[in-house]
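So the structure is just underneath, and the comments pick up after that.
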Amino acid sequence: MSKPYSKYDPPETRFWARVEIPDNADDCWLWVGGTYSIGYGAMMINYKHIGAHRFSYQLHCGPIPKGMFVCHHCDNPACVNPKHLFLGTPRDNMRDKMRKGRGGIVSVPHPSGEDHYKSKLTSVQVHEIRHLHATSGFTYKELADKYGVTTSSIHGIVTWKSWRDEDSPPQKWPGKSRITPDDVRAIRAEYATGKVLFKDLAERYNMCPTHISRIVKRRTWSHID
């Protein structure tokens, strides 16, 4: 159970308040705070999300080079023990997942994913995109530029609306949309191209056109660049 803390406390204080260290300090240190959908601990620092395991690595081992993953020897996403963490490239991380049997894509009767004739990505790159967005603070635009696709494609991948496989979370029934700062940036960037209308974006993000208009005109989410 996490210990009491204030959102105004320094990041280190908030970090330790949500870490459980076992009697044997060489075992996994478990993050008991909020998590991303894929199980990694989540922190908010200077209004930006960061993986708890990445913060732990920075706290104990130093800066993380841009684009590098913090991987787990223990294969436990909730673990923040620095002894269990190591740096790796996106490809190193994917090879580690494949070696541990967590990287397969389900085959389907009709061409899909990288087998589709219009596909610009591979299944390995899709896993990289989701991991980078969840743990490394990459925005939709940065990922779109990095992989040569549109922000809409990145949004579909990150939200599991495209490239679904056996690890996909269950799809939700339509309801009230909960958008992220990256969604806000993507909405503004797409509208700025002049190729989409408020109603198009509203349908894509499960919102009303009025709300999209307020986001684009910065009447809401005005603190997001």
Checklist entry - Would you pick out the residues in segment 198-225 that are out of contact with any Leu (no Cβ under 9 Å at 6 or more places or on another chain) and assigned to a helix (DSSP H, G or I)? => result 198, 199, 200, 201, 202, 203, 204, 205, 210, 211, 213, 214
Checklist entry - Has segment 141-148 got any residue that is among the basic types (Lys, Arg) and at pLDDT 85 or above? => result yes
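Residue-wise test of (1) in contact with a Pro (Cβ under 7 Å, 6 or more places away or on another chain); (2) of a type outside the set (Asp, Glu).
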| site | (1), (2) |
| --- | --- |
| 14 | no, yes |
| 27 | no, no |
| 39 | yes, yes |
| 52 | no, yes |
| 56 | yes, yes |
| 67 | no, yes |
| 78 | no, yes |
| 82 | no, yes |
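The values are calculated or read from the model by the stated rules, or taken from the named source; none is laboratory data. From a predicted model like this one, the values you see are computed outputs, not experimental measurements. For neighbour counting, all protein chains shown are included, and Cβ atoms are generated from backbone atoms with ideal geometry for every residue, glycine included.
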